[in-house]
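The values are calculated or read from the model by the stated rules, or taken from the named source; none is laboratory data. Worth saying up front: this structure is predicted, and the values here are computed from it rather than measured. Neighbour counts are summed over all protein chains in view; Cβ atoms, including those assigned to glycine, are modelled from backbone coordinates with ideal geometry.
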Amino acid sequence: MSKTAYIDNQEFEIVEGETMLSFIRRYKEQGLVPTLCDAPNLDPFGSCRVCSVEVALNENGTVKTMASCHTPVAAGQYIYTSTESVKALRKNILELVLTDHPLDCLTCEVNGNCELQTVAAQVGIREVRYPEGDNHLYRMKDLSHPYMTSDLSKCINCYRCVRACDEVQGEFVLSMSGRGFDSKIIKGLDDSFMDSDCVSCGACSQACPTSAISDVFQSKAIKPTETTRTICTYCGVGCNLDVATSNGEILSIQAPYDAEVNQGHTCLKGRYAFKFYDHPERLNAPMIKRNGAFEKVTWDEVYDYIANKLTGFKEEFGPDSMAGISSSRCTNEENYLMQKFFRAVLSTNNIDGCARVCHSPTALGMQRTYGTGAATNSIDDLKDTNCIMVIGANPTDAHPVTGAKLKQFVMKSDNVSIVIDPRRTELAKYATHHLALRPGTNVAVLNMMMYYIVTENLVDTSFIENRTEGFEDFKKELLTIDLDKIEAVSGVARGDVRAAAIAYASAPNAMSFHGLGVTEHFQGTFTVMQIADLALLTGNIGRRGVGVNPLRGQNNVQGSADMGVQPHQGAGYLDVTKDDVNKKYNEFYGVDVPKHIGYKIPEMFDAALKGNLKAIWIIGEDVVQTDPNTQKVIKALKATDLVIVQELFMTETAKYADVILPGASFLEKSGTFTNGERRVQAVNQVVEPVVGSKPDGQIIVDIMNRMGYEQPDYTPDGMLEEISQIVPFFAGIKWDRLGENGLQWPVAPDGTDTQILHKTEFKRGKGKFEFNPWEETVELKEHAKEYPYILTTNRELEHYNCGAMTRRTANELILKDDYLMINPEDAKTNLINDGDYVCLESPRGKVDVKARITDEVKQGILSTTFHFPDIMINNITGDVHDSEAMCPEYKVVAVRIRKSKGKFKKQLV
């Protein structure tokens, strides 16, 4: 039987566990009960009492005054929201708050971001009866940060900023100091944003009801005239953004509270790092290089030039003399068009992208084990799990909003967490178990974990018997592993591995998360298969709170792979070599498409060096800075007759182009991105493209038409309609169905989406166990004696990938250069001090990079970032790739170090 309560004598059904405030808001207008300390993404707090209501246990019962924000509603209660006594109470509370707040807030029209002003108007305050206090006069402004400012004279001590920092971000930077009238918000020991541990997520600014903490952009005396909801361009979390504009200028970005992905939260990049969109260095005209110099030309001229060149190469050297690299920063629709252009117009499968470069082992490994190479669950399932395993990922830096949620999970004492990573990452500091393995030994450690799960009889026998195959052969080989050898090579004590294995297998529900520290290895695919096997072994698949969840590094890595940006699979992951698939593509595209597997990116460069690649078209990828072995990449580009680069800026790769095409940023076009949990979300155009540039999708459409293949103009709804007819799991995805929060594929024709994969069966039928032994990487086999240190690469919170966008924002004021993490003992041995430049040398070359001495890395292990082109870390990374998927092994580089004699950043052996 449903339970009911009354709001102002009207009867309504209640939901178990909800507060009076949430109950009232479900049935009445939002402003009926005003609030100050309450916020949608914060736990109920009850400090301001502005939300007070009168409550009786029954119709004639005694009336009591209660704070509605944190008081549970009960069946039969009578709640009165607007009695004269309640209104008087609220008015009195607000007047007292205003006594120690600038009184001109009652008439202030400058900022427009003061909830106190709104609430004061709601309760009917026109003047304050009490004398003004003077405590606010002595609170200094903090102007130290490029994005956030604080004027604590406006602070009303509601604690919303403190709670946002604690409950949303989990950083604990803000706190309250003093008592009574001396109470004030402080930021760390030095009381400034820049000198504190603040990660600049802006949660405090968005939470503040009075602009005591606010975004610098909001301090302008300009009010937005329009707000557009779109999706962030950075990592694969897929945060929703509300972008405020006025007269075509972007003023600020906030996070909508109703976004299922990020619930009112963003990171530093998503909220603040958007000013690159109108940076003076934006490319604003097509260019052709003539006599060694770029000349600006018209779009018609560049289209004719490209069409003639590509037609000539196709006729003289064949279709496979051309190749394309598409972009995970482009929309699904644009990636679909790019692979269609190469397959249907140029007649080659030489199409690849960073989705395959960074996460191809995920797709291949999970496809081999489950039949589908994507996340099995949603991040929201953290509410339902008891244990998480994070391997090869540092999500608080690389996937910050998801990282904040994971951090909140690991900090709770009743949750179990396992971090497998060479570095002592932020999550590792809080984890129940941290297995600090040597880079390159993921397979060894996971085999040991599974060994203990089997020998401790912690396998899910029923699940294995009913839903898997190959277990007995797998078990037989697993039990033969040499524990002494694995313990020695990995550097992790077997007792620690056993404890972590038991914790994972014993948890009622266990989720795993993995990143590039899994995939960018010689045995990356095998590691992904082991992670998938762990879930099979323990039955942690096919329900809420479990599963295998890859953390995608770029915003549309998942989507670009879905759309067919890979040489062996077309749109929808259909095998291009199969006759039935080839027939399907031929009929759909109206032309014959090739059946043989095309070049992967490393093979493109090899073909170029052999003289077999005549043209390459690169969209939004700075391969010179981000691909391994930079000098080889440069030689390959120089050896290619026609290099077309479609970009926002003159990147390191664009410098080697023969043709440059100015594309549009995510703020200047519409389409869809697919985040790491298979959620397809609408990207909505916020401003017009920079004059002279075009949306990337329209550029591809234009060249397709110029080369004789009819393709309608680029529109997101039109392209989604086409995609839904060829990609099986997009069958029900239509532009007008996406709504505010998108749909998780597979989506049925009727629009029903899928939050959890593999509930009753796997796409391949039964989950497959396959044992793979650990093998040392070729990099260390060949070079470890001469180059005794192991370098691994990582990302920093402040910058994104090659930094082409973030380095053109104020983020560069927060993090100014790359650095090398080095253990104190290794620094001492090599006479290196913190801040010294270190000569980092590998068999490929050497670079100079600044040292940061820290115990976050073990002896013998070094770690560095690659965001700045003046360092060019990839001058020293190598050609070793994953044995199955050809993903570059960025995470294990044999190096030696010494203190630099000077700051020489681009030296070659």
Query raised in the report: Just wondering, is there one or more residues in segment 278-297 that are more than 29 Å from Thr809 (Cβ to Cβ), of a type in the set (Asp, Glu), assigned by TED's automatic domain parsing to the domain that holds Asp627 and out of contact with any His (no Cβ under 8 Å at 6 or more places or on another chain)?
Result: yes
Requested in this report: Please indicate, with yes or no, whether at least one residue in segment 894-906 is touching a helix residue (DSSP H, G or I) at 6+ places or on another chain (Cβ under 8 Å) and at pLDDT below 90.
Outcome: yes
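Does Asp855 meet the test of being surrounded by fewer than 23 Cβ atoms within 10 Å (Cβ to Cβ), free of Cβ contacts under 8 Å to residues at least 24 places away in the same chain and more than 29 Å from Leu364 (Cα to Cα)?
Values: surrounded by fewer than 23 Cβ atoms within 10 Å (Cβ to Cβ): yes; free of Cβ contacts under 8 Å to residues at least 24 places away in the same chain: no; more than 29 Å from Leu364 (Cα to Cα): yes.
Criteria not met by Asp855.
Tell me, which helices (runs of 4 or more DSSP H) wholly within segment 529-643 include 3 or more residues that are under 28 Å from Val518 (Cα atoms) and β-branched (Val, Ile, Thr)? Write out each step before concluding.
Working: elements: 557-562, 579-589, 601-609, 623-626, 630-639.
Because the criterion is at least 3 residues that are under 28 Å from Val518 (Cα atoms) and β-branched (Val, Ile, Thr), the helices (runs of 4 or more DSSP H) in segment 529-643 that meet it are 623-626, 630-639.
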Query raised in the report: Which ones in segment 455-474 are of a type in the set (D, E, K, R) and touching a residue at least 40 places away in the same chain (Cβ under 8 Å)?
Result: Glu456, Asp460, Arg467, Glu469, Asp473
Query - Residue match in segment 464-481 (condition: buried (at least 19 other Cβ atoms within 10 Å of the Cβ), modelled with pLDDT of 95 or more, part of a helix (DSSP H, G or I) and in contact with a Leu (Cβ under 6 Å, 6 or more places away or on another chain)) - result: no
Report task. Select from segment 151-175 the residues that are out of contact with any Cys (no Cβ under 7 Å at 6 or more places or on another chain) and either at pLDDT 90 or above or of a type in the set (Asp, Glu) (or both) and write down the one among them that is surrounded by the most Cβ atoms within 10 Å (Cβ to Cβ). Result -> Val168
Requested in this report: Would you mind stating whether Glu825 is surrounded by fewer than 19 Cβ atoms within 10 Å (Cβ to Cβ), in contact (Cβ under 8 Å) with a residue 12 or more places away in the chain and more than 21 Å from Tyr234 (Cβ to Cβ)?
Outcome: yes
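Please return the ranges of strands (runs of 3 or more DSSP E) entirely within segment 321-408 where 1 or more residues are modelled with pLDDT of 95 or more, outside the structural domain of Arg678 (by TED's automatic domain parsing) and buried (at least 24 other Cβ atoms within 10 Å of the Cβ). Quick ask: steps written out before the conclusion?
Values: elements: 322-326, 351-353, 387-391.
Because the criterion is at least 1 residues that are modelled with pLDDT of 95 or more, outside the structural domain of Arg678 (by TED's automatic domain parsing) and buried (at least 24 other Cβ atoms within 10 Å of the Cβ), the strands (runs of 3 or more DSSP E) in segment 321-408 that meet it are 387-391.
On the given criteria, is Arg423 of a type outside the set (Val, Ile, Thr) and either surrounded by fewer than 17 Cβ atoms within 10 Å (Cβ to Cβ) or farther than 23 Å from Trp774 by Cβ (or both)?
Details: of a type outside the set (Val, Ile, Thr): yes; either surrounded by fewer than 17 Cβ atoms within 10 Å (Cβ to Cβ) or farther than 23 Å from Trp774 by Cβ (or both): no.
In short, no.
Go through the residues of segment 859-869 one by one and say whether even a single one is part of a loop (DSSP other than H, G, I, E, B), modelled with pLDDT of 95 or more and out of contact with any Ser or Thr (no Cβ under 8 Å at 6 or more places or on another chain).
As a first pass, look at segment 859-869 and keep what is part of a loop (DSSP other than H, G, I, E, B): 859-860, 865-869.
Still in the list and also modelled with pLDDT of 95 or more: 859-860.
Those left that are additionally out of contact with any Ser or Thr (no Cβ under 8 Å at 6 or more places or on another chain): 859-860.
There is at least one residue in segment 859-869 that is part of a loop (DSSP other than H, G, I, E, B), modelled with pLDDT of 95 or more and out of contact with any Ser or Thr (no Cβ under 8 Å at 6 or more places or on another chain).
Taking the condition among the aliphatic types (A, V, I, L, M), out of contact with any Lys or Arg (no Cβ under 6 Å at 6 or more places or on another chain) and surrounded by fewer than 20 Cβ atoms within 10 Å (Cβ to Cβ), does Met411 pass?
yes
Any idea which of Gly238, Gly248, Gly270, Gly264 is outside the structural domain of Asp713 (by TED's automatic domain parsing), under 30 Å from Cys208 (Cβ atoms) and out of contact with any strand residue (DSSP E or B) (no Cβ under 9 Å at 6 or more places or on another chain)? Give the derivation first.
Details: Gly238 fails: out of contact with any strand residue (DSSP E or B) (no Cβ under 9 Å at 6 or more places or on another chain); Gly270 fails: out of contact with any strand residue (DSSP E or B) (no Cβ under 9 Å at 6 or more places or on another chain); Gly264 fails: out of contact with any strand residue (DSSP E or B) (no Cβ under 9 Å at 6 or more places or on another chain).
Exactly one residue qualifies, and that residue is Gly248.
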Query raised in the report: Quick check: is even one residue across segment 705-714 at negative phi, under 27 Å from the mean Cα position of the chain (by Cα) and not charged (D, E, K, R)?
Result: yes
Report task. Determine the pairs where a residue that is on the phi > 0 side of the Ramachandran plot and in a loop (DSSP other than H, G, I, E, B), located within segment 732-750, has a partner that is surrounded by 13 or more Cβ atoms within 10 Å (Cβ to Cβ) and not acidic (Asp, Glu) with Cβ atoms under 6 Å apart, the partner being 6 or more residues away or on another chain. Result -> Gly742/Arg679; Gly742/Val680; Gly742/Gln681
Query - Filtered residues of segment 139-150 (kept if more than 23 Å from His101 (Cα to Cα) and either among the aliphatic types (A, V, I, L, M) or touching a Cys at 6+ places or on another chain (Cβ under 9 Å) (or both)) - result: His145
Report summary line: Scanning segment 530-558 for residues that are surrounded by fewer than 24 Cβ atoms within 10 Å (Cβ to Cβ) and touching a His at 6+ places or on another chain (Cβ under 6 Å) gives Gly542
Query raised in the report: When both residues are 6+ apart or on different chains and their Cβ atoms are under 6 Å apart, which pairs have a first residue that lies in segment 635-661 and is without any contact (Cβ under 8 Å) to a residue 60 or more places away in the chain and not assigned by TED's automatic domain parsing to the domain that holds Tyr303, and a second that is surrounded by fewer than 24 Cβ atoms within 10 Å (Cβ to Cβ) and of a type in the set (D, E, K, R)?
Result: none
**Report entry** Any chance Leu609 is assigned by TED's automatic domain parsing to the domain that holds Lys655 and without any contact (Cβ under 8 Å) to a residue 60 or more places away in the chain
**Finding:** yes
